[in-house]
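The values are calculated or read from the model by the stated rules, or taken from the named source; none is laboratory data. Remember, it's a predicted structure, so these values are computed and weren't measured experimentally. Backbone-built Cβ (ideal geometry, glycine too); neighbour counts: all protein chains shown.
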Amino acid sequence: MRIEVKDLKYVYSPKSPFEKVALDGISFTVNSGDTLGIVGSTGSGKSTLCRHLNALVKLQSGEITVGDIRLNSKRVDLKQLRKNVGMLFQFPEYQLFADTVKKDVEFGPLNFGFSQAEAEEAAKRALELVGLDFDEVASKSPFELSGGQMRRVAIAGVLASRPSVLVLDEPTAGLDPVGKREILELVTALKSGVTDTVIIISHNMDEIAEFCNRVIVLDDGKLIADTTPDELFNRSDIVDRTELDYPHTVKIKRLLAAKGVDLDTPALNAKELTSAILRRVKG
């Protein structure tokens, strides 16, 4: 699903002593099939921007179009918009609330007009998609599960309504390295048959480098770059200005280059870096 954002501006507490410009003239397009990373320092406007996409933050100025829904129209079908754009907030397991996993995952579909039978089928399918056995977990309290399982249940709750766009705000925050890898590989797998467009907010540049095909950079409410991960991590001026870090593989590549060992790859993930080093050794 295509998303167009034009000249988006947003001010918190306007015309008060606490006025704060959160977004200042943001324009970009998300194409169907993109995995778009949104990065920037704390307070740069990332979360405020994403909450506009399903109208959790009311549009003040500018234009946003999600599929065929124009958010600056007089009448916006919020239910359809929020079905189209599924949003997973940071630490989503804290948003679980029902007394069973089944009820929690069914909540979204029921709210969007599914029948009870349809909602149950959607919940079963969503739980299976995230690697949980429906019969095993359906009647359990979400709070009996491990942290990683709880996050999977939260993701299933968003997926059950079959969104076309999935927005993830720091999806791996608080997880151990194995848990982080599992969640990101799950998101990649979901793109093959569930949701065609993914937007990821992250401070983890390894995740952005490996899993995103595009990245936009925010700084103090302004969009200062719309590029690819490879191009971004070759722009030290942008990385340094926004206090972003470099992916570990890029750091290793730069250290090797300083020793006179140049590699023929962007080295955005461990597989690329390892292959490039082996080619260099053999060559």
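Restricting to region 191-210, and then to whatever is closer than 23 Å to His52 by Cα and hydrophobic (A, V, I, L, M, F, W, C), can you tell me which residue is nearest to the chain's Cα centre (by Cα)?
Filtering region 191-210 for residues that are closer than 23 Å to His52 by Cα and hydrophobic (A, V, I, L, M, F, W, C), the one nearest to the chain's Cα centre (by Cα) comes out as Ile200.
Would you be able to tell me the number of residues in region 79-104 that are of a type in the set (A, V, I, L, M, F, W, C) and not in a loop (DSSP other than H, G, I, E, B)?
Selection size over region 79-104: 5.
What is the number of the single condition among (1) free of Cβ contacts under 8 Å to residues at least 24 places away in the same chain; (2) in a helix (DSSP H, G or I); (3) surrounded by 14 or more Cβ atoms within 10 Å (Cβ to Cβ) that Ile224 does not meet?
Just one mismatch for Ile224, condition (2).
Taking the residues in region 112-126 that are within 12 Å of Arg162 (Cα to Cα) and among the hydrophobic types (A, V, I, L, M, F, W, C) as candidates, determine which candidate is surrounded by the most Cβ atoms within 10 Å (Cβ to Cβ).
Selected residue: Ala123.
Does any residue in region 80-104 that is outside the structural domain of Leu53 (by TED's automatic domain parsing) come within less than 7 Å, Cβ to Cβ, of a residue that is of a type in the set (Phe, Trp, Tyr) and not in a loop (DSSP other than H, G, I, E, B) six or more places away or on a different chain, and which pairs are these?
Ala98/Phe107
One residue is enough: does region 144-154 have a residue meeting the conditions crowded, with 17+ Cβ neighbours inside 10 Å, among the polar types (S, T, N, Q) and free of Cβ contacts under 8 Å to residues at least 40 places away in the same chain?
Checked against the condition, which is being crowded, with 17+ Cβ neighbours inside 10 Å, among the polar types (S, T, N, Q) and free of Cβ contacts under 8 Å to residues at least 40 places away in the same chain, region 144-154 yields at least one hit.
Among the residues that make up region 117-137, is at least one of them touching a Gly at 6+ places or on another chain (Cβ under 8 Å) and charged (D, E, K, R)? Working first, answer last.
We begin by selecting, within region 117-137, every residue touching a Gly at 6+ places or on another chain (Cβ under 8 Å); these are 126.
Next cut, charged (D, E, K, R) only: none.
So far as region 117-137 goes, no, none of its residues is touching a Gly at 6+ places or on another chain (Cβ under 8 Å) and charged (D, E, K, R).
When only residues in region 22-53 that are closer than 19 Å to Arg241 by Cα and not small (Gly, Ala, Ser) count, which is surrounded by the most Cβ atoms within 10 Å (Cβ to Cβ)?
That would be Val39.
Among the charged types (D, E, K, R), under 21 Å from the mean Cα position of the chain (by Cα) and modelled with pLDDT under 95: is that true of Lys58 in this structure?
Against the criterion (among the charged types (D, E, K, R), under 21 Å from the mean Cα position of the chain (by Cα) and modelled with pLDDT under 95), Lys58 qualifies.
For region 172-184, state whether one or more residues are touching a residue at least 24 places away in the same chain (Cβ under 8 Å) and of a type in the set (Lys, Arg).
Yes, region 172-184 contains at least one residue that is touching a residue at least 24 places away in the same chain (Cβ under 8 Å) and of a type in the set (Lys, Arg).
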